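Working notes for the structure below.
Derivation of every value follows stated rules applied to the coordinates shown; laboratory data play no part. For clarity, every value in this text was computed on a predicted model and none was experimentally measured. Cβ coordinates were reconstructed from backbone atoms using ideal geometry, including for glycine residues, and neighbour counts include every protein chain displayed.
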Amino acid sequence: MLNAPPEHRYTLILMLTINAVSIVAMQFIVPAMPDLVGEFATTPAMVQLTLTMFMLGYAVFQIAYGPLSDRYGRKGVVMWATLVFIAGSFLGAVAPSIEVLVIARVLQSVGAAAGFVLPPAVARDIYGHDGAPRAIGWISISAGLAALSAPYFGGLIHETAGWRWGMGFNGVLGIAILVACGLLLAESHPIARRQSVGFAGLARGYAALARSRRFMGYLLATAFVNGAFYAFFAGGTFVAIQILGLSPSQFGLLTIPVVALFLPSAYLSVRMAARFGSTRIIALGTLTTAAGSIGLLFVALSGNVSVPAILVASALLGWGNGQVIPNATAAAVNLFPKLAGTASASLGTAQMGMGAVASLLFGLLHDGTSTPMAALMAVMGLAAVLSCGLIIAARRRPAVA
């Protein structure tokens, strides 16, 4: 795959796995959400909190994990976070009420956040400036494969055994990761390169990132394309099951185009960026995302939403995300090599924070039609296009870490 020192021959595989499981944990329960309304005798907005609060916890704790890993190393943070993830998964499996399930999802997200923020930082540690884009591209592909399989298998397990077994399955995956990391994961961030993690140091690190218009352009572009995806994901399960009459596992199949096109797009876009420049590829990706989202909005407003229309929109969404996320992530992390963990945390926090906003807004705006979902997607897509202006405006201004 990529050349690495002997002590890190398993590191990238472990990072791919950790990243994939964090995505699986987020999405596994989504196909069951419409049924949770009746099981817990609650409202769709309350059930939506099982996704919204997961993404919120996912976002908030990345702020801490990045700098903590810069100071104390990557391995210790991964091990601690995995323990929290295991506890949240098994608590969710036995949750007696929707409130307890929401708390369990928050715990899950606290643990899973490390699986999102640390792999890009580890890739930068091991492969350096030149190799990091390819490694991060593979990490994006593993996340895409997880996103492809999680909704379908989550729906299948829900139909055959119940969503609680899915939560327990996540706990088992966490135990496997904990054992594998304990035995095989080597520290990639040596003591000599670690930095202080006091509040003042945190503030200085994040302030340095915020002052870079180019970094903020990358951050906002990834955040808004991710927001468009989670507007589709949060709303799609209700549209597919309640409006189109599909089953939970069929909803999982409906998301296949998103990831089926994300994977080749992520793979090809890194190579296209080496030839044409990452800025052009990122801009093209945001335009593709916006086109699919706006097209679906017109269909929704006409009242003719259908499976083919959703499939086309999801395909464009997947292709656009594949062009934006790996290139913007690699470019942003490379701007601040001494703050790789902090930069990765900022990107992850922005992406999941925007996803949480999209999920929360859908829960508030849901009216039994497909219009709120499509409108949120369109707004996010247009905002992603506008974010590229920051990148273009700052191209001639070097970043200072």
Problem set entry | Signed unit charges on C-beta, dipole axis of the chain, positive-most listed residue GLY57, VAL305, LEU339 | LEU339
Exercise. If eta is 1.002 mPa s and T is 20 °C, what Stokes-Einstein diffusion coefficient results for the range 217-340, Kirkwood Rh from Cα pairs, in µm²/s?
Worked result: 143 µm²/s
Exercise. How much mean residue ellipticity at 222 nm does the chain get from its helices, if each DSSP H run of length 4 or more adds -39500 (n - 2.57) and you divide by all residues, to the nearest 500 deg cm²/dmol?
Worked result: -28500 deg cm²/dmol
Exercise. With N residues in the range 60-108, what two-decimal value do you get for its Cα radius of gyration over 2.2 N^0.38 Å?
Worked result: 1.34
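If packing is taken as the average number of other Cβ atoms within 10 Å across a peptide's residues, how do 293-300, 137-144 rank, most packed first?
Values: 293-300: 21.0, 137-144: 24.8.
So the order, starting with the most tightly packed, is 137-144, 293-300.
Peptides 317-330, 77-90, 167-180: what's the order by average Cβ count within 10 Å, highest mean first?
Working: 317-330: 29.4, 77-90: 21.7, 167-180: 18.9.
Those peptides, ordered most packed to least, come out 317-330, 77-90, 167-180.
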Seminar exercise, completed: One would report the Cα pair-distance distribution of the chain, bin width 20 Å, in %, as 30, 60, 10, 0
Seminar exercise, completed: Among PRO96, ALA45, GLY111, the residue whose Cα sits farthest towards the positive end of the charge dipole of the chain, when +1 is placed on the Cβ of each Lys and Arg and -1 on the Cβ of each Asp and Glu, is GLY111
Exercise. How large is ³J(HN,Hα) for each residue in the range 353-363, as worked out from phi by the Karplus curve 6.51 cos²θ - 1.76 cosθ + 1.60 (θ = phi - 60°), to whole Hz, x for Gly and Pro?
Worked result: x, 5, x, 5, 4, 4, 5, 5, 5, 5, x
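What number in nm² do you get for the range 307-401 if you take the convex hull of its Cα atoms and divide its surface by four?
On the way: hull surface 28.7 nm².
With every direction weighted equally, the projected area is 7.2 nm².
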Seminar exercise, completed: Quick note on LYS338, LYS75, ordering by fewest other C-beta atoms within 10 Å, gives LYS338, LYS75
Problem set entry | Charge dipole magnitude, Cβ of K and R +1, D and E -1 - the range 10-393, Cα centre, debye nearest 20 | 1340 debye
For this session: Mind jotting down the distance between the C-alpha centroids of the range 95-110 and the range 309-386, whole Å?
Result: 24 Å
